[in-house]
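Since every read-out is calculated from the coordinates, none of them should be taken as a lab result. For clarity, every value in this text was computed on a predicted model and none was experimentally measured. Here the Cβ positions follow ideal geometry from the backbone for every residue, glycine too, while neighbour counts run over all protein chains shown.
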Amino acid sequence: MVSKTRGSYVPWSQERAVAIVERHRTEPGALMPILHELQDVFGHIEPRAVDVVAAELNLSKADVYGVVTFYKDFRAEPPGRSTVHVCRGEACQSMGGERLARHARERLGVDFGGTTSDGAVTLEQVFCLGNCALSPAVMIDGRLKGRVDEAGFDNLVTALKTEAP
Amino acid sequence: MEPVVVFVPLDAAARSVGSDDVANAIVRESVARQRDVRLVRNGSRGMFWLEPLVEVSTPEGRVAYGPVQAEEVGELLDAGMLEAAPHRLCLGRTEEIPHLRSQTRFTFSRVGVNDPLSMADYEATGGLSGLRRVLEMSPQEIVSTVTDSGLRGRGGAGFPTGIKWQTVLDMDSDLKFIACNADEGDSGTFADRMLMEGDPFLVVEGMAIAGLAVGANEGYIYIRSEYPDAVATMAAAIDIANLNGWIGPSVLGTDHSFNLHLRVGAGSYICGEETAMLESLEGRRGVIRAKPPLPAIAGLFGKPTVVNNVLTLATVPPIFANGAESFRELGVGRSRGTQVFQLAGNIRNGGIVETAFGVTLGELVEDYGGGTLSGRPVRAVQVGGPLGAYLPTSRFGLPMDYEAFSAAGAMVGHGGIVVFDDTVDMSRQARFAMEFCAEESCGKCTPCRVGAVRGVEVIDRIIAGDNREANLALLADLCDTMADGSLCAMGGLTPLPVRSALAHFPEDFERAGVVLL
């Protein structure tokens, strides 16, 4: 899940990555907070980030890689400037959520997990956003939206695409 | 003249339908009219069809308007909203709205009422009185009070909280933990989110009490990443509680310490399973653990750990503030107290209904919920999340009671109810249950990891009318294998929605095939 506002990621920096590990090193079970912060700062967790974490925490690369790949939030590739999550949970299904999920893929021309060719939007599926009394729900860059029909989705996406990157 | 106090929810669901725009419009339009307004961003009252719900404070209590759109704010102000004047959007006194008035808000007493991060509001409405009372009690007295209250885990399993706490109390260990499970991943549930956003100090207080009860000085709250607003509010509440000595090295000035840490999940449903959550907290893949040992014996970092859901811990402070009897006298059978039911999906009046156990499914869906939003007949409801049973309206007489639901082949779970109208295809819902399990399985048990994938394939063949009888028998066998051969509820309960869909809606598994033939 993207908790940051769009377009605020920094380029890779070994020093920065080490500093992030350093800040959390003494916390019990520090790996998850470290991975979250690496992704918050750099936008994704690339192989050299895995190398740094493994070396600094004295873990095997396989251990770190295994954790990174287990959790859907952690990405190996940079996301688009905005990330749109479409809920596919049962509550949203009862209100046409599957129709919306299909529409979202057609409208953006990408499957779930994909990023539009102009780099504007990454589309993701999610199973429940906790907005089940206002279904169907989507989340755009960490902001929840309720009662989103196809036209509403188009308006939200158009607003994203027309904003300057 | 005193400013008029106006409340506009900051709850994520209220924001999702425009409450921020309404709040901004109220500030802008009241300034334009030279009116002195104090805006409070409260939690949500949980009547989501009325959101954004604006409340105006009057000497006679708060008066509600809703649902309000930003462009209607100017008109409302001109019509005298700040004087609580009548208007087509005026709902009268908030407390008198029938949907709210008939509820028993035991756990949710402050949600939607207070500014969630106001310490003064919290204490003025009975906050900390539970913790203060507990500080005068022995650990055994605290645990016994929880046992006497009849409180059972609100996360879904319904295990008696006092017994869990007793196990941890009885363990001899220098280090024990309280782990709050705020990984509310089930579709149809949002009560944990609302509580964390609307009354976060209550979670902090509940965890501190649990720590004092069992002798744990360290607490972790694990919140799913899909809830950024709840993460932000809980983080702020923990900071405030630390800075003011409610928790930390000296709990309310005593020599008890309680250090509370917030952790954020990363998009894994299975981390709502308690042992997978512990693995995740320890920095590993969210793969579940075999039990025994129970987390109460060997939990986080191998130490005795109380793992409780948000609502369970949040129900503890009012039990101490009001007495165990005040909770125990509510409810039916072995289901004591209130449950925060969540009405979701295709429902006219969706949201929170906190009321005593024993209310029937039909009363919740039809009376509180008002039937479907689409206006079509209700066909099925799923109770207890993606691993809960689908029930037809002929079961609407069932009382919300752990044992009654279990006897009916269903589960109350966390009290989330998702409503479907008559356009639903139950064979698709059964297929989705398997698809979801395949997507979210941690992979440890073969019946779950592989069985869910095979389940999707078998249901596809049934839907296609391909050798139906043999495939139905295969599906029944597969469900047995998953239910009996999985270590946790993910694989173990996925058969519940599948079997219940088959049992109650067999016609949906025949229809498609007939068309194909």
Per-residue mean of C-beta atoms belonging to partner chains within 10 Å, peptide A:143-149 | 5
Ellipsoid semi-axes in whole angstrom, largest first, where each is sqrt(5λ) of the Cα gyration tensor of chain B = 38, 32, 19
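Could you sort the peptides B:393-399, A:68-74 by per-residue average Cβ neighbour count (10 Å cutoff), highest mean leading?
On the way: B:393-399: 15.4, A:68-74: 19.7.
The densest-packed peptide leads the list: A:68-74, B:393-399.
Ranking B:Tyr220, A:Tyr9 by Cβ neighbours within 10 Å, fewest first, what do you get?
Values: B:Tyr220 24, A:Tyr9 16.
Placing the least packed residue first, the sequence is A:Tyr9, B:Tyr220.
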Whose amide H sits under 5 Å from the amide H of B:Phe159, counting only residues 5 or more places off or on another chain, with H placed in the peptide plane?
-> B:Gly153
Residue by residue through region B:253-262, which ³J(HN,Hα) values in whole Hz follow from phi under the Karplus form 6.51 cos²θ - 1.76 cosθ + 1.60 (θ = phi - 60°), with glycine and proline marked x?
-> x, 8, 8, 7, 10, 8, 9, 10, 10, 9
Hey, rough spin-label estimate for B:Ala85 and B:Glu366, points 7 angstrom out along Cα→Cβ, what's it come to in nanometres?
-> 4.2 nm
Along the three principal axes, how long is region B:404-450 when you take its alpha carbons, biggest first, rounded to the nearest angstrom?
-> 33, 28, 16
For B:Leu91, which sequence-distant residues (separation of 5 or more, or a different chain) have an amide H within less than 5 Å of its own amide H, given hydrogens modelled in the peptide plane?
-> B:Ala64, B:Tyr65, B:Gly66
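Taking 41 Å as R0, compute the FRET efficiency from the Cβ-Cβ separation of B:Ser102 and A:Asp149 and round it to 0.05.
Numbers: r = 32 Å, r/R0 = 0.78.
Once rounded, the FRET efficiency stands at 0.80.
How long is the gain from B:Asn322 to B:Glu403 if the chain were fully straight, where each residue apart is worth 0.36 nm and the alpha carbon distance is subtracted? The partial results should precede the final answer.
Numbers: separation 81, 0.36 × 81 = 29.16 nm, distance 2.66 nm.
Gain on stretching B:Asn322 to B:Glu403: 26.5 nm.
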What is the extension gain from B:Ala120 to B:Gln140, computed as 0.36 nm multiplied by their sequence separation minus the C-alpha to C-alpha distance, in nm to one decimal?
-> 4.1 nm
Ranked B:Cys479, B:Cys448, criterion: other C-beta atoms within 10 Å, fewest first | B:Cys479, B:Cys448
Sparse-neighbourhood loop hits (GluC sites (Glu not before Pro), region B:1-70; DSSP loop; Cβ within 10 Å at most 11 others) -> B:Glu60
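Could you pull out the pairs from A:Lys72/B:Lys303; A:Lys72/B:Lys444; B:Lys164/B:Lys303; A:Lys61/B:Lys444; B:Lys303/B:Lys444; A:Lys61/A:Lys161 whose alpha carbons sit more than 26 Å apart here? Kindly include the intermediate steps, with their values, before the conclusion.
Numbers: A:Lys72/B:Lys303 28 Å; A:Lys72/B:Lys444 17 Å; B:Lys164/B:Lys303 14 Å; A:Lys61/B:Lys444 21 Å; B:Lys303/B:Lys444 23 Å; A:Lys61/A:Lys161 38 Å.
The answer is A:Lys72/B:Lys303; A:Lys61/A:Lys161.
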How are the C-alpha pair distances of region B:137-289 spread across 5 Å bins, as whole percents from the shortest bin up?
-> 2, 9, 17, 21, 22, 18, 9, 2, 0
Zero-based 10 Å bins, Cα pair distances in region A:82-162, whole percents | 22, 59, 19, 1
Inverse of <1/r> over all distinct C-alpha pairs of the protein assembly as shown, i.e. the Kirkwood Rh in Å, gives 25.8 Å
Given a Förster distance of 51 Å, the FRET efficiency implied by the Cβ-Cβ spacing of A:Asp51 and B:Leu39, rounded to the nearest 0.05, works out to 0.55
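Stokes-Einstein at 20 °C, 1.002 mPa s, Kirkwood radius from Cα pairs: D for region B:331-421 in µm² s⁻¹? Intermediate results must be reported in sequence, preceding the final value.
Values: Rh = 12.6 Å.
Calculated translational D: 170 µm²/s.
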Using only Cα atoms, locate the centre of region B:201-226 and the centre of region A:101-128, then give the distance between them in Å, rounded to an integer.
-> 38 Å
Cβ crowding within 10 Å averaged over residues, with A:150-160, A:136-146 ranked highest first | A:136-146, A:150-160
Of B:Trp165, A:Trp12, how do they rank once you tally other Cβ atoms within 10 Å and put the fewest first?
-> A:Trp12, B:Trp165
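Which value, in Å³ per residue, describes the convex hull spanned by the Cα atoms of region B:4-96?
82 Å³
Kirkwood Rh over alpha-carbon pairs of region B:131-205, then Stokes-Einstein at 37 °C and 0.692 mPa s: what D in µm² s⁻¹, rounded to an integer? Don't jump to the answer; show the numbers that get you there.
Values: Rh = 14.3 Å.
The calculation lands on 230 µm²/s.
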Counting only DSSP beta bridges with both residues in the protein assembly as shown, tell me the antiparallel percent, nearest 5.
-> 55 percent
Nearest 0.05, what FRET efficiency do A:Ala159 and B:Arg28 give at R0 = 22 Å with Cβ-Cβ as r?
-> 0.60
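Could you sort B:64-72, B:260-268 so that the peptide with the highest average Cβ count within 10 Å comes first and the rest follow in order?
Numbers: B:64-72: 20.2, B:260-268: 21.9.
By packing density, highest mean first, the sequence is B:260-268, B:64-72.
Please quote Rg/Rh for region B:365-517 to two decimal places, taking the Kirkwood radius as Rh and restricting both calculations to Cα atoms.
0.97
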How big is the Cα convex hull of region A:1-120 in projection, averaged over all directions, in nm²?
-> 8.6 nm²
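Is the C-alpha gyration tensor of region B:99-153 telling us rounded, prolate or oblate? Criteria: a/c under 1.5 is rounded; beyond that, a/b larger than b/c is prolate, otherwise oblate.
Details: a/c = 3.35, a/b = 1.40, b/c = 2.40.
Note, shape of region B:99-153 comes out oblate.
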